[in-house]
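Okay, so here's the structure we're looking at.
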Amino acid sequence: MTDTILRTDRLSKNFGGLIAANNVSLNFERGQVHAIIGPNGAGKTTLINLLSGDLLPSDGTILFNGKNITSLPPDKISQLGIGRSYQKTNIFATFSCYENCWVAAQSRLNTSMRFFRPAKKLKKVQDRAEMTLDLCGLSSRRDVLASAMSYGEQRQLEIGMMLATEPELLLLDEPLAGMGSEESLQVIELLRRLSRDHTLILIEHDMDAVFSIAEQLTVMVNGRVLETGTVEQIRNSQAVQEVYLGVEEEAT
Amino acid sequence: MPRITRTLLLLAALLTLVFFPLFGSSFYVGLLTRILILALFAMSLDLLIGYTGLVSFGHAAFFGIGGYALAIAFQDAAVIHLWQALPLSLAAAALAALVVGWISIRTSGIYFIMITLAFAQMFFYFFFESPRYGGDDGIFLFFKPVLMIGSADILHLDSENNFYYFVLGSLVSSYLLLTMILRAPFGKVITAIKANEHRVCALGYAVNRYKLVSFVIAGTLAGLAGFLEGAHSGYINPSYMSWHESGIAIAIVVLGGMGTLYGPIVGAFIIVLLQDFLPSLTDHWQLLFGGIVISVALFYPMVRPACCRDFMRCSEVK
């Protein structure tokens, strides 16, 4: 029996006349790495935005662990255990690397409406922030201003902040975008490690990376799901080869 | 500025303020009282502009409500009991900030500026056109608040020096309170909201709640300043809430340095001293005043280290 962690049912999003996501019905299994691929403008990021609550769907439902989360705001969705990293780096540029992780980790307190005791004294948050730095490989950059870090490091921090919120399901929007090959390998290794005890939904253009860590694949074209299945099934799919894999160079 | 230098400078400034009445004439004690009240008002606004990233253009509304609460409740009273009057003013300002904030924080950027201005104007015209509350003439208070336990006078604000120390105490307490809040988990969240509101929300924080609480804290402290100004001058009128007053508070925060609690104190000194002493130099003092404000805005970032860092940070991010 399969164990579904997240399910979308006829999920749609229109921007005026443009249908960015069109009747997307997908099952995501617990513990698996599920990659979503497709040419630019296929609606992959829109789908992630719908799942994370950054966008409100025009139609359809989203179930997370059997609970309807369709119109919940991003903060509630995050609190339920869905973490998300952004394609465009979305960090606190004026904070140090450590402070970025700190704010992320502090979000798991019951409430941050605490006014009296210094935040620094919260041992649990401190440990979590340090652990996150370690996990995303930025311990040596602890006190560097986030805006002064290299692009690749900012991307690593982006993932680290998501991890500091202790999510069960990770939504990763092009985690490798703009990274050098060295940094890419590190991040792929990190994702592989995370996949042991997390569920990952991954958008990525780097096909080598996708085929090396994904177990399930969904191909999207023009807002629709073209095909979904195991990596083998997708590789052998005639439709996918025609629309996407065959013309990969042009598409990306 | 290294932390130790800053602490020493602040302590030196505090000591000077504490001992000033021993040497200064009562005219200057009164002037200093006015400056410290304005500093408290601007400091409360800095919590919004400098730390939460909310540029409120209607902060004078809460300043005025603090003053009017005192004036309306006690205009005919023979004795103004501090323990009644002060909590009343704070509660009135807090309640107004809760209502105005609850609506305003749903907007951002220029819309937030406009909506807070609109609310302040509503309050302004309400009092301006209410004969019951003195209309544009305002309300006079003939007594200063007193603190009594039983029949024993603990603190009488009649004397200029007592009032001065009460204001200084309020300013220092507010400074310490805000410092504590900013170091606590709440403070981390609001400074993060200023840096990147969207990400704070994505990390699981109910952003609007934090913004609202910040707005209410700032409004309450503005109410405290308004209470002090009303009690000190003995006269409350609608101009307390005018948009000039809100604008001056913004100017003080910007000139003194946003995002530092001592900045608004410095800014208040600059503004009041310029306004008081420039007219003695020339009739065209406002020209001079404008010129100084412009040059400070242009050159300050280059000479002030903290500002300079922010300046470079911004250009790096972009």
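Could you state, as a whole-number percent, how many of the C-alpha pairs of the range B:211-273 are farther apart than 20 Å?
32
Listed here are the pairs A:Lys88/A:Lys120; A:Lys76/A:Lys121; A:Lys123/B:Lys194; A:Lys88/B:Lys211; A:Lys76/A:Lys120; A:Lys88/A:Lys121; which of them are more than 28 Å apart at the Cα?
A:Lys88/A:Lys120; A:Lys88/A:Lys121
Antiparallel DSSP bridges in the range A:125-239: what percent, to the nearest 5?
Around 55 percent of the beta bridges assigned by DSSP in the range A:125-239 are antiparallel ones.
Just order B:271-281, A:90-100, B:239-249 by mean Cβ neighbour count inside 10 Å, highest at the front, would you?
Packing proxy ranking, top to bottom: A:90-100, B:239-249, B:271-281.
How high is the relative contact order of chain B, given as a whole-number percent (alpha carbon pairs under 8 Å, six or more residues apart)?
The normalised contact order for chain B reaches 32 percent.
Would you mind listing how long chain B runs along its three principal axes, going by Cα atoms, in whole Å with the largest first?
Ordered largest first, chain B gives principal extents of 60, 43, 42 Å.
Assuming R0 = 45 Å, what is the FRET efficiency of B:Asp136 and B:Ala297, from their Cβ-Cβ distance, to the nearest 0.05?
Once the sixth-power term is evaluated, E becomes 0.85.
In whole Å, what are the extents of the protein assembly as shown along the principal axes defined by its C-alpha atoms, from largest to smallest?
Cα spread of the protein assembly as shown along its principal axes, largest to smallest: 91, 51, 48 Å.
Summarise the partner chain shielding of A:70-78 as one whole number: the mean count of Cβ atoms from other chains within 10 Å of each residue's Cβ.
4
Hey, what's the Kirkwood Rh for the range A:108-206 if you take every pair of different alpha carbons, in angstrom?
14.8
Tell me, what is a quarter of the convex hull surface for the C-alpha atoms of the range A:91-166, in nm² with one decimal?
4.7
Inside 10 Å of the C-beta atoms of A:48-54, what's the mean count of C-beta atoms belonging to other chains?
So the per-residue partner count for this stretch is 1.
Tell me the Rg and the Dmax, in Å, that the Cα atoms of the range B:92-144 produce.
Final numbers for Rg and Dmax: 14.2, 42 Å.
For peptide A:105-116, what's the mean number of Cβ atoms from other chains within 10 Å of each residue's Cβ?
Rounded to a whole number, the mean comes out at 6.
Can you compute the FRET efficiency between B:Asp276 and A:Met113 using 1/(1 + (r/R0)^6), with r the Cβ-Cβ distance and R0 = 56 Å? Round to the nearest 0.05.
0.85
Arranged by the count of other C-beta atoms within 10 angstrom, fewest first, what order do A:Met162, B:Met258, B:Met122 take?
Listing A:Met162, B:Met258, B:Met122 from fewest to most nearby Cβ atoms yields B:Met122, B:Met258, A:Met162.
Can you check what the Kirkwood hydrodynamic radius comes to for the range B:1-117, Cα pairs only, in Å to one decimal?
Kirkwood radius, the range B:1-117: 17.0 Å.
Among B:146-159, A:212-225, B:34-47, what's the highest-first ranking by average C-beta atoms within 10 angstrom per residue?
My ranking of the peptides, most packed first, is B:34-47, A:212-225, B:146-159.
Which trypsin sites (Lys or Arg not before Pro) from the range B:184-272 combine a DSSP loop assignment with at most 12 other Cβ atoms within 10 Å?
Here no trypsin sites (Lys or Arg not before Pro) fit, given the DSSP loop and packing criteria.
Using a 10 Å cut-off around each Cβ, can you sort A:Leu109, B:Leu22, A:Leu194, A:Leu133 from fewest to most neighbouring Cβ atoms?
Taking fewest neighbouring Cβ atoms as first place, the list is B:Leu22, A:Leu109, A:Leu194, A:Leu133.
In Å, the Kirkwood hydrodynamic radius of chain A over pairs of distinct alpha carbons?
The Cα-based Kirkwood calculation yields 18.8 Å.
Looking at the range A:56-105 from every direction and averaging, what is the projected area of its Cα convex hull in nm²?
4.6
Out of all DSSP beta bridges in the range B:26-242, what portion is antiparallel? Express it as a percent rounded to 5.
Rounded to the nearest five, the antiparallel share is 75 percent.
Quick one: if the Förster radius is 56 Å, what FRET efficiency do A:Arg193 and B:Leu14 give, using the C-beta to C-beta distance and rounding to 0.05?
0.60
So, how do all the Cα-to-Cα distances of the range B:70-168 break down into 10 Å bins, in percent, from 0 on up?
Percent of Cα pairs in each bin: 13, 32, 30, 20, 5, 0.
A short reminder: the numbers here are calculations on the coordinates, not readings from a lab. Everything quoted here is computed from the prediction, not taken from an experiment. So basically every Cβ, Gly included, is an ideal-geometry build from the backbone, and we count neighbours across all protein chains shown.
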